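Working notes for the structure below.
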Amino acid sequence: MTDKKTILEHVLKDEITQILSYSTMRQIKEVVQTENIRAYIIGGYVRDLILQRHSNDLDIVVEGNGIEIAQKAARKLGVQVNVFKNFGTAMFKTPDIEVEFVGARKESYRKESRKPIVENGSLEEDQNRRDFTINALAISLNKENLGSIIDPFDGISDLEQKLIRTPLNPDVTFSDDPLRMIRAIRFAAQLNFTIVDETFEAIERNAERIFIVSKERVCEELNKIILSENPSTGFHLLEKSGLLKLIFPQLSLLKGVESKNGKKHKDNFEHTLQVLDNIALKSNNLWLRWAALLHDIAKPATKKFDENTGWTFHGHEFIGSKMVFEIFKQLKLPLNEKMKYVQKLVLLHLRPIVLAQDEVTDSAVRRLLFDAGDDIDDLMMLCDADITSKNRNTVAKYLNNFQLVRTKLKEIEEKDAIRNFQPPVSGEIIMETYGIGPGREVGLIKNAIKEAILDGIIKNNYDEAYEFMQKEAEKLGIVKK
Ligand code: ATP
Ligand code: MG
(Lines give C-alpha, C1' and ligand atoms only; values in the text may rest on other atoms or scores of the structure.)
(Ligands and ions follow the chains in the order given, each with its own letter.)
Protein backbone atom coordinates (compact mmCIF):
# COMPACT_ATOMS: atom_id res chain seq x y z
CA MET A 1 0.00 0.00 0.00
CA THR A 2 1.40 3.40 -0.92
CA ASP A 3 1.78 6.15 1.68
CA LYS A 4 -0.54 8.29 -0.35
CA LYS A 5 -3.18 5.60 -0.23
CA THR A 6 -2.83 5.27 3.54
CA ILE A 7 -3.37 9.00 3.90
CA LEU A 8 -6.40 8.87 1.63
CA GLU A 9 -7.91 6.00 3.59
CA HIS A 10 -7.36 7.93 6.78
CA VAL A 11 -9.19 10.98 5.46
CA LEU A 12 -11.90 8.73 4.11
CA LYS A 13 -12.42 7.15 7.50
CA ASP A 14 -13.58 10.48 8.90
CA GLU A 15 -15.93 11.02 6.00
CA ILE A 16 -17.37 7.54 6.27
CA THR A 17 -17.87 7.95 10.02
CA GLN A 18 -19.76 11.13 9.27
CA ILE A 19 -22.00 9.51 6.65
CA LEU A 20 -22.79 6.61 8.92
CA SER A 21 -23.92 9.07 11.58
CA TYR A 22 -26.65 10.62 9.40
CA SER A 23 -30.08 9.64 10.63
CA THR A 24 -31.08 7.77 7.44
CA MET A 25 -27.90 5.72 7.56
CA ARG A 26 -28.20 5.10 11.30
CA GLN A 27 -31.62 3.55 10.86
CA ILE A 28 -30.53 1.43 7.89
CA LYS A 29 -27.48 0.23 9.80
CA GLU A 30 -29.64 -0.70 12.77
CA VAL A 31 -31.98 -2.80 10.65
CA VAL A 32 -29.03 -4.52 8.96
CA GLN A 33 -27.45 -5.34 12.29
CA THR A 34 -30.67 -6.44 14.02
CA GLU A 35 -31.53 -8.71 11.12
CA ASN A 36 -28.01 -10.05 11.23
CA ILE A 37 -27.66 -9.78 7.48
CA ARG A 38 -24.68 -8.45 5.51
CA ALA A 39 -25.11 -5.19 3.61
CA TYR A 40 -22.87 -2.63 1.94
CA ILE A 41 -23.01 0.81 0.36
CA ILE A 42 -21.77 0.19 -3.16
CA GLY A 43 -20.90 1.68 -6.53
CA GLY A 44 -21.26 5.28 -7.67
CA TYR A 45 -21.90 6.72 -4.23
CA VAL A 46 -18.61 5.38 -2.83
CA ARG A 47 -16.75 6.54 -5.94
CA ASP A 48 -18.22 10.03 -5.71
CA LEU A 49 -17.53 10.23 -1.99
CA ILE A 50 -13.83 9.66 -2.64
CA LEU A 51 -13.85 12.10 -5.54
CA GLN A 52 -15.70 14.60 -3.36
CA ARG A 53 -18.48 14.83 -5.88
CA HIS A 54 -22.00 15.38 -4.70
CA SER A 55 -24.40 12.47 -5.15
CA ASN A 56 -28.06 12.19 -4.29
CA ASP A 57 -28.53 8.49 -4.81
CA LEU A 58 -27.09 5.72 -2.79
CA ASP A 59 -27.15 2.00 -3.60
CA ILE A 60 -27.09 -0.66 -0.93
CA VAL A 61 -26.36 -4.25 -1.79
CA VAL A 62 -27.64 -6.89 0.63
CA GLU A 63 -26.42 -10.48 0.85
CA GLY A 64 -29.97 -11.78 1.04
CA ASN A 65 -33.36 -10.18 0.57
CA GLY A 66 -32.82 -6.50 -0.30
CA ILE A 67 -36.52 -5.75 -0.52
CA GLU A 68 -37.19 -6.90 3.04
CA ILE A 69 -34.42 -4.76 4.47
CA ALA A 70 -35.67 -1.75 2.49
CA GLN A 71 -39.21 -2.25 3.83
CA LYS A 72 -38.03 -2.50 7.42
CA ALA A 73 -35.75 0.55 7.13
CA ALA A 74 -38.51 2.58 5.46
CA ARG A 75 -40.93 1.72 8.25
CA LYS A 76 -38.42 2.91 10.85
CA LEU A 77 -37.86 6.14 8.90
CA GLY A 78 -41.58 6.66 8.29
CA VAL A 79 -41.22 6.90 4.51
CA GLN A 80 -42.97 5.18 1.58
CA VAL A 81 -41.13 2.36 -0.12
CA ASN A 82 -41.39 1.41 -3.80
CA VAL A 83 -40.83 -2.25 -4.57
CA PHE A 84 -39.81 -3.53 -8.00
CA LYS A 85 -40.38 -7.26 -7.55
CA ASN A 86 -39.22 -8.20 -11.05
CA PHE A 87 -35.85 -6.59 -10.50
CA GLY A 88 -35.55 -7.66 -6.86
CA THR A 89 -35.04 -4.04 -5.86
CA ALA A 90 -36.74 -1.51 -3.62
CA MET A 91 -36.16 2.18 -3.05
CA PHE A 92 -37.23 5.03 -0.85
CA LYS A 93 -36.57 8.72 -0.60
CA THR A 94 -35.79 10.72 2.49
CA PRO A 95 -35.52 14.50 2.36
CA ASP A 96 -31.78 14.31 1.70
CA ILE A 97 -31.22 11.15 -0.29
CA GLU A 98 -32.65 8.44 -2.53
CA VAL A 99 -31.72 4.95 -1.41
CA GLU A 100 -31.98 1.83 -3.54
CA PHE A 101 -31.66 -1.69 -2.12
CA VAL A 102 -30.77 -4.74 -4.14
CA GLY A 103 -29.88 -8.30 -3.31
CA ALA A 104 -26.27 -9.23 -4.14
CA ARG A 105 -26.29 -11.06 -7.43
CA LYS A 106 -24.28 -13.24 -9.65
CA GLU A 107 -24.88 -12.78 -13.34
CA SER A 108 -24.27 -14.92 -16.38
CA TYR A 109 -24.78 -13.72 -19.91
CA ARG A 110 -25.96 -15.12 -23.21
CA LYS A 111 -24.45 -13.97 -26.45
CA GLU A 112 -27.47 -12.28 -28.00
CA SER A 113 -28.72 -10.24 -25.06
CA ARG A 114 -27.42 -7.82 -22.48
CA LYS A 115 -30.05 -9.15 -20.07
CA PRO A 116 -28.26 -11.60 -17.78
CA ILE A 117 -29.47 -14.71 -16.02
CA VAL A 118 -29.46 -13.59 -12.41
CA GLU A 119 -28.89 -15.69 -9.30
CA ASN A 120 -28.46 -14.71 -5.66
CA GLY A 121 -24.84 -14.21 -4.86
CA SER A 122 -22.24 -12.89 -2.46
CA LEU A 123 -20.78 -9.39 -2.26
CA GLU A 124 -17.72 -10.68 -4.08
CA GLU A 125 -19.80 -12.05 -6.94
CA ASP A 126 -21.74 -8.81 -7.08
CA GLN A 127 -18.55 -6.78 -7.30
CA ASN A 128 -17.33 -9.03 -10.12
CA ARG A 129 -20.28 -8.02 -12.30
CA ARG A 130 -19.67 -4.27 -11.85
CA ASP A 131 -18.46 -2.32 -14.85
CA PHE A 132 -15.31 -0.61 -13.62
CA THR A 133 -12.91 -0.93 -10.70
CA ILE A 134 -13.87 2.56 -9.53
CA ASN A 135 -17.55 1.53 -9.52
CA ALA A 136 -17.01 -1.69 -7.56
CA LEU A 137 -16.03 -0.21 -4.19
CA ALA A 138 -18.15 -1.09 -1.16
CA ILE A 139 -18.43 0.23 2.42
CA SER A 140 -19.49 -2.25 5.05
CA LEU A 141 -22.57 -1.65 7.21
CA ASN A 142 -21.88 -4.74 9.32
CA LYS A 143 -21.01 -4.76 13.01
CA GLU A 144 -17.68 -6.56 12.71
CA ASN A 145 -16.14 -4.26 10.11
CA LEU A 146 -18.44 -1.23 10.08
CA GLY A 147 -17.21 1.51 7.75
CA SER A 148 -14.37 -0.43 6.19
CA ILE A 149 -13.86 -0.26 2.46
CA ILE A 150 -13.96 -3.46 0.46
CA ASP A 151 -11.96 -2.83 -2.67
CA PRO A 152 -11.04 -6.12 -4.37
CA PHE A 153 -9.81 -4.55 -7.61
CA ASP A 154 -7.79 -1.70 -6.18
CA GLY A 155 -10.33 0.85 -7.36
CA ILE A 156 -8.95 3.41 -4.92
CA SER A 157 -5.61 3.46 -6.76
CA ASP A 158 -7.46 3.83 -10.05
CA LEU A 159 -9.43 6.73 -8.60
CA GLU A 160 -6.21 8.35 -7.51
CA GLN A 161 -4.59 7.85 -10.88
CA LYS A 162 -7.79 8.78 -12.70
CA LEU A 163 -8.08 5.50 -14.58
CA ILE A 164 -11.02 3.61 -16.03
CA ARG A 165 -10.40 -0.14 -15.99
CA THR A 166 -12.73 -3.14 -15.98
CA PRO A 167 -12.49 -5.41 -12.92
CA LEU A 168 -12.31 -8.62 -14.99
CA ASN A 169 -11.10 -9.39 -18.50
CA PRO A 170 -12.41 -6.39 -20.49
CA ASP A 171 -13.40 -8.55 -23.45
CA VAL A 172 -15.75 -10.48 -21.18
CA THR A 173 -17.08 -7.38 -19.39
CA PHE A 174 -17.84 -5.59 -22.68
CA SER A 175 -19.12 -8.57 -24.58
CA ASP A 176 -21.50 -9.40 -21.69
CA ASP A 177 -22.96 -5.89 -21.63
CA PRO A 178 -21.76 -3.67 -24.48
CA LEU A 179 -23.41 -0.60 -22.95
CA ARG A 180 -20.40 -0.58 -20.61
CA MET A 181 -18.22 0.54 -23.55
CA ILE A 182 -20.11 3.80 -23.82
CA ARG A 183 -20.25 4.09 -20.04
CA ALA A 184 -16.43 3.85 -19.98
CA ILE A 185 -16.25 6.77 -22.38
CA ARG A 186 -18.95 8.66 -20.48
CA PHE A 187 -17.02 8.35 -17.20
CA ALA A 188 -13.80 9.38 -18.96
CA ALA A 189 -15.55 12.54 -20.20
CA GLN A 190 -17.46 13.25 -17.00
CA LEU A 191 -14.61 12.66 -14.55
CA ASN A 192 -11.75 13.61 -16.84
CA PHE A 193 -10.23 10.12 -16.48
CA THR A 194 -8.17 8.01 -18.88
CA ILE A 195 -9.30 4.62 -20.11
CA VAL A 196 -6.37 2.20 -19.67
CA ASP A 197 -5.01 0.76 -22.92
CA GLU A 198 -6.10 -2.81 -22.29
CA THR A 199 -9.67 -1.67 -21.62
CA PHE A 200 -9.74 0.72 -24.59
CA GLU A 201 -8.42 -1.91 -26.97
CA ALA A 202 -11.23 -4.22 -25.86
CA ILE A 203 -13.74 -1.49 -26.71
CA GLU A 204 -12.27 -1.33 -30.22
CA ARG A 205 -12.55 -5.10 -30.53
CA ASN A 206 -16.11 -5.30 -29.21
CA ALA A 207 -17.56 -2.12 -30.75
CA GLU A 208 -19.85 -4.04 -33.12
CA ARG A 209 -21.64 -5.61 -30.15
CA ILE A 210 -23.21 -2.24 -29.34
CA PHE A 211 -26.07 -3.33 -31.61
CA ILE A 212 -27.56 -5.56 -28.90
CA VAL A 213 -28.08 -2.50 -26.68
CA SER A 214 -31.31 -0.54 -26.94
CA LYS A 215 -31.10 2.88 -28.59
CA GLU A 216 -32.63 4.48 -25.50
CA ARG A 217 -29.82 3.30 -23.24
CA VAL A 218 -27.16 4.40 -25.73
CA CYS A 219 -28.76 7.81 -25.99
CA GLU A 220 -28.96 8.21 -22.22
CA GLU A 221 -25.18 7.82 -22.07
CA LEU A 222 -24.71 10.05 -25.11
CA ASN A 223 -26.66 12.79 -23.37
CA LYS A 224 -24.45 12.43 -20.31
CA ILE A 225 -21.37 12.82 -22.52
CA ILE A 226 -22.90 15.93 -24.09
CA LEU A 227 -23.65 17.34 -20.65
CA SER A 228 -20.14 16.71 -19.32
CA GLU A 229 -17.62 19.47 -18.83
CA ASN A 230 -15.53 18.60 -21.89
CA PRO A 231 -17.86 16.80 -24.26
CA SER A 232 -15.22 16.71 -26.99
CA THR A 233 -13.19 14.23 -24.93
CA GLY A 234 -16.08 11.80 -25.08
CA PHE A 235 -16.70 12.25 -28.80
CA HIS A 236 -13.02 11.86 -29.65
CA LEU A 237 -13.01 8.57 -27.75
CA LEU A 238 -16.23 7.43 -29.42
CA GLU A 239 -14.67 8.18 -32.78
CA LYS A 240 -11.31 6.59 -32.01
CA SER A 241 -12.91 3.41 -30.66
CA GLY A 242 -15.04 2.90 -33.78
CA LEU A 243 -18.30 3.29 -31.82
CA LEU A 244 -19.28 6.65 -33.29
CA LYS A 245 -19.78 5.44 -36.84
CA LEU A 246 -22.00 2.66 -35.50
CA ILE A 247 -24.22 4.72 -33.22
CA PHE A 248 -24.14 8.11 -34.94
CA PRO A 249 -22.81 7.78 -38.51
CA GLN A 250 -23.85 11.28 -39.58
CA LEU A 251 -21.52 12.80 -37.01
CA SER A 252 -18.56 10.63 -37.94
CA LEU A 253 -18.97 11.68 -41.58
CA LEU A 254 -17.94 15.20 -40.57
CA LYS A 255 -14.42 13.98 -39.99
CA GLY A 256 -11.70 14.63 -42.49
CA VAL A 257 -10.19 17.26 -44.72
CA GLU A 258 -10.27 17.24 -48.50
CA SER A 259 -7.84 19.15 -50.65
CA LYS A 260 -8.25 20.24 -54.28
CA ASN A 261 -6.02 22.56 -56.28
CA GLY A 262 -4.19 23.31 -53.07
CA LYS A 263 -7.39 24.41 -51.34
CA LYS A 264 -8.45 22.66 -48.13
CA HIS A 265 -11.60 22.94 -46.06
CA LYS A 266 -11.54 22.69 -42.30
CA ASP A 267 -12.17 19.43 -40.47
CA ASN A 268 -15.82 19.84 -39.59
CA PHE A 269 -15.70 17.16 -36.89
CA GLU A 270 -13.00 19.02 -34.97
CA HIS A 271 -14.77 22.32 -35.56
CA THR A 272 -18.11 20.94 -34.32
CA LEU A 273 -16.52 19.54 -31.17
CA GLN A 274 -14.88 22.85 -30.46
CA VAL A 275 -18.22 24.62 -30.84
CA LEU A 276 -19.73 22.10 -28.44
CA ASP A 277 -16.96 22.68 -25.88
CA ASN A 278 -17.39 26.44 -26.29
CA ILE A 279 -21.11 26.24 -25.63
CA ALA A 280 -20.50 23.91 -22.68
CA LEU A 281 -18.60 26.75 -21.01
CA LYS A 282 -21.68 28.96 -21.22
CA SER A 283 -24.74 26.76 -20.87
CA ASN A 284 -25.96 23.48 -19.38
CA ASN A 285 -28.97 23.40 -21.68
CA LEU A 286 -28.84 19.90 -23.22
CA TRP A 287 -30.76 20.99 -26.32
CA LEU A 288 -28.58 24.00 -26.98
CA ARG A 289 -25.64 21.60 -26.78
CA TRP A 290 -27.41 19.30 -29.26
CA ALA A 291 -27.86 22.27 -31.58
CA ALA A 292 -24.12 22.92 -31.37
CA LEU A 293 -23.41 19.28 -32.21
CA LEU A 294 -25.75 19.36 -35.20
CA HIS A 295 -25.27 22.87 -36.55
CA ASP A 296 -23.00 21.75 -39.42
CA ILE A 297 -24.31 18.20 -39.75
CA ALA A 298 -25.24 18.69 -43.42
CA LYS A 299 -21.82 19.91 -44.49
CA PRO A 300 -20.81 16.55 -46.03
CA ALA A 301 -24.14 16.39 -47.91
CA THR A 302 -23.80 19.91 -49.34
CA LYS A 303 -20.05 20.04 -49.99
CA LYS A 304 -19.02 21.30 -53.43
CA PHE A 305 -15.82 22.52 -55.00
CA ASP A 306 -15.76 25.55 -57.25
CA GLU A 307 -12.64 26.60 -59.17
CA ASN A 308 -13.10 30.23 -58.18
CA THR A 309 -14.56 30.17 -54.70
CA GLY A 310 -13.10 26.90 -53.41
CA TRP A 311 -15.12 24.70 -51.03
CA THR A 312 -18.74 25.65 -50.38
CA PHE A 313 -21.51 24.16 -48.23
CA HIS A 314 -24.48 26.08 -49.59
CA GLY A 315 -27.76 25.39 -47.86
CA HIS A 316 -26.21 23.25 -45.13
CA GLU A 317 -28.26 25.09 -42.50
CA PHE A 318 -31.47 24.24 -44.35
CA ILE A 319 -30.64 20.59 -45.12
CA GLY A 320 -29.16 20.29 -41.61
CA SER A 321 -32.38 21.38 -39.95
CA LYS A 322 -34.20 18.77 -42.03
CA MET A 323 -31.75 16.09 -40.89
CA VAL A 324 -32.51 16.84 -37.23
CA PHE A 325 -35.77 14.89 -37.40
CA GLU A 326 -34.24 11.73 -38.85
CA ILE A 327 -31.36 11.87 -36.34
CA PHE A 328 -33.68 12.41 -33.37
CA LYS A 329 -35.83 9.53 -34.57
CA GLN A 330 -32.87 7.24 -35.10
CA LEU A 331 -31.43 8.00 -31.65
CA LYS A 332 -34.84 7.83 -29.94
CA LEU A 333 -34.62 11.42 -28.81
CA PRO A 334 -37.97 13.15 -28.17
CA LEU A 335 -39.78 14.31 -31.32
CA ASN A 336 -41.34 17.28 -29.56
CA GLU A 337 -40.74 20.98 -28.98
CA LYS A 338 -37.14 20.22 -27.94
CA MET A 339 -36.51 18.86 -31.42
CA LYS A 340 -38.21 21.88 -32.98
CA TYR A 341 -35.94 24.13 -30.95
CA VAL A 342 -32.85 22.29 -32.25
CA GLN A 343 -34.20 22.46 -35.82
CA LYS A 344 -34.75 26.18 -35.47
CA LEU A 345 -31.27 26.92 -34.15
CA VAL A 346 -29.64 24.80 -36.87
CA LEU A 347 -31.71 26.58 -39.52
CA LEU A 348 -30.91 30.06 -38.21
CA HIS A 349 -27.28 29.59 -37.18
CA LEU A 350 -25.87 31.58 -40.10
CA ARG A 351 -28.27 34.49 -39.91
CA PRO A 352 -26.47 36.59 -37.26
CA ILE A 353 -23.18 36.05 -39.12
CA VAL A 354 -24.66 37.24 -42.40
CA LEU A 355 -26.16 40.16 -40.53
CA ALA A 356 -22.86 41.06 -38.92
CA GLN A 357 -21.09 40.97 -42.29
CA ASP A 358 -23.53 43.33 -44.01
CA GLU A 359 -24.83 46.57 -42.77
CA VAL A 360 -27.08 45.87 -39.82
CA THR A 361 -30.42 47.22 -41.02
CA ASP A 362 -33.44 47.55 -38.75
CA SER A 363 -35.50 45.43 -41.06
CA ALA A 364 -33.01 42.51 -41.07
CA VAL A 365 -32.83 42.66 -37.29
CA ARG A 366 -36.64 42.64 -37.02
CA ARG A 367 -36.82 39.58 -39.26
CA LEU A 368 -34.21 37.74 -37.21
CA LEU A 369 -36.09 38.59 -34.01
CA PHE A 370 -39.34 37.41 -35.55
CA ASP A 371 -37.86 34.09 -36.73
CA ALA A 372 -35.92 33.34 -33.54
CA GLY A 373 -38.54 34.60 -31.07
CA ASP A 374 -37.67 33.77 -27.49
CA ASP A 375 -34.71 31.65 -28.59
CA ILE A 376 -32.77 34.66 -29.87
CA ASP A 377 -30.38 34.70 -26.88
CA ASP A 378 -29.57 31.01 -27.32
CA LEU A 379 -29.02 31.58 -31.04
CA MET A 380 -26.58 34.40 -30.34
CA MET A 381 -24.77 32.17 -27.84
CA LEU A 382 -24.48 29.45 -30.49
CA CYS A 383 -23.10 31.97 -32.97
CA ASP A 384 -20.46 33.16 -30.51
CA ALA A 385 -19.46 29.54 -29.93
CA ASP A 386 -19.31 28.94 -33.69
CA ILE A 387 -16.34 31.27 -34.10
CA THR A 388 -13.43 28.89 -33.85
CA SER A 389 -10.83 30.58 -36.01
CA LYS A 390 -7.26 30.26 -34.79
CA ASN A 391 -6.69 33.84 -35.82
CA ARG A 392 -7.30 36.02 -32.78
CA ASN A 393 -8.02 39.10 -34.84
CA THR A 394 -10.72 37.30 -36.80
CA VAL A 395 -12.30 36.06 -33.57
CA ALA A 396 -12.19 39.53 -32.04
CA LYS A 397 -13.69 41.07 -35.17
CA TYR A 398 -16.63 38.65 -35.22
CA LEU A 399 -17.31 38.89 -31.52
CA ASN A 400 -17.30 42.63 -31.83
CA ASN A 401 -19.74 42.54 -34.75
CA PHE A 402 -22.02 40.22 -32.80
CA GLN A 403 -21.96 42.72 -29.98
CA LEU A 404 -23.27 45.32 -32.42
CA VAL A 405 -26.00 42.92 -33.53
CA ARG A 406 -26.93 42.36 -29.89
CA THR A 407 -27.19 46.08 -29.20
CA LYS A 408 -29.36 46.51 -32.24
CA LEU A 409 -31.53 43.54 -31.28
CA LYS A 410 -32.12 45.12 -27.89
CA GLU A 411 -32.91 48.51 -29.38
CA ILE A 412 -35.42 47.12 -31.88
CA GLU A 413 -37.05 44.83 -29.35
CA GLU A 414 -37.60 47.74 -26.97
CA LYS A 415 -39.08 49.78 -29.78
CA ASP A 416 -41.10 47.23 -31.74
CA ALA A 417 -41.63 44.19 -29.44
CA ILE A 418 -41.15 41.62 -32.21
CA ARG A 419 -39.84 38.77 -30.03
CA ASN A 420 -43.29 37.42 -29.14
CA PHE A 421 -44.95 38.80 -32.20
CA GLN A 422 -48.73 38.72 -32.11
CA PRO A 423 -50.41 40.29 -35.13
CA PRO A 424 -52.03 43.54 -33.89
CA VAL A 425 -54.98 42.90 -36.22
CA SER A 426 -56.19 39.32 -35.99
CA GLY A 427 -57.84 37.14 -38.63
CA GLU A 428 -61.12 37.48 -36.72
CA ILE A 429 -61.05 41.25 -36.99
CA ILE A 430 -60.40 41.05 -40.74
CA MET A 431 -63.27 38.60 -41.24
CA GLU A 432 -65.64 40.64 -39.11
CA THR A 433 -64.79 43.94 -40.79
CA TYR A 434 -65.37 42.60 -44.28
CA GLY A 435 -67.99 39.98 -43.53
CA ILE A 436 -65.92 37.22 -45.11
CA GLY A 437 -65.16 33.71 -43.95
CA PRO A 438 -61.75 32.13 -43.43
CA GLY A 439 -59.85 31.78 -46.68
CA ARG A 440 -57.05 32.96 -48.91
CA GLU A 441 -57.83 36.69 -48.62
CA VAL A 442 -57.62 36.72 -44.84
CA GLY A 443 -54.23 35.03 -45.05
CA LEU A 444 -52.99 37.49 -47.67
CA ILE A 445 -54.00 40.53 -45.63
CA LYS A 446 -52.58 39.12 -42.40
CA ASN A 447 -49.28 38.33 -44.08
CA ALA A 448 -49.06 41.76 -45.70
CA ILE A 449 -49.51 43.39 -42.28
CA LYS A 450 -46.80 41.21 -40.78
CA GLU A 451 -44.40 41.98 -43.63
CA ALA A 452 -45.09 45.72 -43.36
CA ILE A 453 -44.26 45.66 -39.66
CA LEU A 454 -41.06 43.66 -40.19
CA ASP A 455 -40.00 46.01 -42.99
CA GLY A 456 -40.69 49.01 -40.77
CA ILE A 457 -43.36 50.43 -43.11
CA ILE A 458 -45.80 50.60 -40.23
CA LYS A 459 -45.40 50.35 -36.44
CA ASN A 460 -46.40 47.27 -34.48
CA ASN A 461 -49.69 48.68 -33.15
CA TYR A 462 -53.42 48.32 -33.76
CA ASP A 463 -54.17 51.69 -35.37
CA GLU A 464 -51.44 51.57 -37.99
CA ALA A 465 -52.15 47.91 -38.72
CA TYR A 466 -55.89 48.61 -39.09
CA GLU A 467 -55.25 51.39 -41.55
CA PHE A 468 -52.84 49.19 -43.48
CA MET A 469 -55.45 46.40 -43.54
CA GLN A 470 -57.91 48.76 -45.21
CA LYS A 471 -55.44 49.63 -47.96
CA GLU A 472 -54.64 45.97 -48.58
CA ALA A 473 -58.31 45.02 -48.69
CA GLU A 474 -58.95 47.77 -51.21
CA LYS A 475 -56.11 46.45 -53.38
CA LEU A 476 -57.74 43.02 -53.33
CA GLY A 477 -61.08 44.54 -54.22
CA ILE A 478 -62.72 43.61 -50.91
CA VAL A 479 -65.27 46.10 -49.59
CA LYS A 480 -66.65 46.58 -46.11
CA LYS A 481 -69.96 44.89 -45.35
P1 ATP B 1 -24.25 8.07 -12.24
O2 ATP B 1 -25.32 7.89 -11.20
O3 ATP B 1 -23.46 9.30 -12.16
O4 ATP B 1 -24.76 7.84 -13.62
P5 ATP B 1 -23.27 5.57 -11.34
O6 ATP B 1 -21.94 4.89 -11.35
O7 ATP B 1 -23.94 5.68 -10.01
O8 ATP B 1 -23.13 6.96 -12.04
P9 ATP B 1 -25.56 4.11 -12.14
O10 ATP B 1 -26.08 3.84 -13.50
O11 ATP B 1 -26.37 4.87 -11.17
O12 ATP B 1 -24.15 4.78 -12.34
O13 ATP B 1 -25.21 2.69 -11.54
C14 ATP B 1 -24.85 2.45 -10.17
C15 ATP B 1 -23.80 1.37 -10.10
O16 ATP B 1 -24.28 0.18 -10.69
C17 ATP B 1 -22.51 1.70 -10.84
O18 ATP B 1 -21.62 2.45 -10.05
C19 ATP B 1 -21.98 0.33 -11.17
O20 ATP B 1 -21.35 -0.26 -10.05
C21 ATP B 1 -23.24 -0.46 -11.42
N22 ATP B 1 -23.62 -0.48 -12.85
C23 ATP B 1 -24.49 0.34 -13.49
N24 ATP B 1 -24.64 0.00 -14.77
C25 ATP B 1 -23.85 -1.06 -14.97
C26 ATP B 1 -23.57 -1.89 -16.08
N27 ATP B 1 -24.12 -1.67 -17.27
N28 ATP B 1 -22.71 -2.93 -15.90
C29 ATP B 1 -22.15 -3.17 -14.69
N30 ATP B 1 -22.37 -2.44 -13.62
C31 ATP B 1 -23.21 -1.39 -13.72
MG1 MG C 1 -26.00 6.50 -9.68
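Observations, loosely collected:
- Scanning the range 129-164 for residues that are within 12 Å of ligand 1 (Cβ to nearest atom) and under 19 Å from residue 200 (Cα atoms) turns up 129, 130, 131, 132, 133, 134, 135, 136, 153, 155, 164.
- Considering the range 30-44, the residues that are surrounded by fewer than 21 Cβ atoms within 10 Å (Cβ to Cβ) and not in a strand (DSSP E or B) include one that is nearest to ligand 1 (Cβ to nearest atom), namely 44.
- Within the range 353-366, the residues that satisfy the criterion of being touching a residue at least 12 places away in the same chain (Cβ under 8 Å) and either among the aliphatic types (A, V, I, L, M) or surrounded by 19 or more Cβ atoms within 10 Å (Cβ to Cβ) (or both) are 353, 355, 356, 360, 365, 366.
- The single residue among 205, 209, 289, 183 that is basic (Lys, Arg) and touching a residue at least 60 places away in the same chain (Cβ under 8 Å) turns out to be 289.
- Flag if residue 78 is small (Gly, Ala, Ser) and either within 16 Å of ligand 2 (Cβ to nearest atom) or within 33 Å of the chain's Cα centre (by Cα) (or both): no
- Residue match in the range 66-75 (condition: in the same structural domain as residue 138 (by TED's automatic domain parsing), without any contact (Cβ under 8 Å) to a residue 12 or more places away in the chain, more than 16 Å from ligand 2 (Cβ to nearest atom) and hydrophobic (A, V, I, L, M, F, W, C)): no
- All positions within the range 456-481 that are part of a helix (DSSP H, G or I) and of a type in the set (D, E, K, R): 463, 464, 467, 471, 472, 474, 475
- Only one of 350, 369, 382, 333 that is without any contact (Cβ under 8 Å) to a residue 60 or more places away in the chain and buried (at least 21 other Cβ atoms within 10 Å of the Cβ): 369
- Residues satisfying the stated conditions in the range 111-159, i.e. within 16 Å of ligand 2 (Cβ to nearest atom), within 15 Å of residue 40 (Cβ to Cβ) and hydrophobic (A, V, I, L, M, F, W, C): 136, 137, 138, 139
- Applying the criterion of at least 2 residues that are modelled with pLDDT of 95 or more and in contact with a Pro (Cβ under 8 Å, 6 or more places away or on another chain) to the helices (runs of 4 or more DSSP H) found wholly in the range 146-262 leaves 197-206.
- Which numbered condition residue 170 misses (of (1) in contact with a strand residue (DSSP E or B) (Cβ under 8 Å, 6 or more places away or on another chain); (2) surrounded by 20 or more Cβ atoms within 10 Å (Cβ to Cβ); (3) of a type outside the set (Ser, Thr, Tyr)): (1)
The values are calculated or read from the model by the stated rules, or taken from the named source; none is laboratory data. Just so it is clear, the model here is predicted, and its values are computed rather than measured. Using ideal geometry, Cβ is built from the backbone for each residue, glycine included, and neighbour counts are taken over all protein chains shown.
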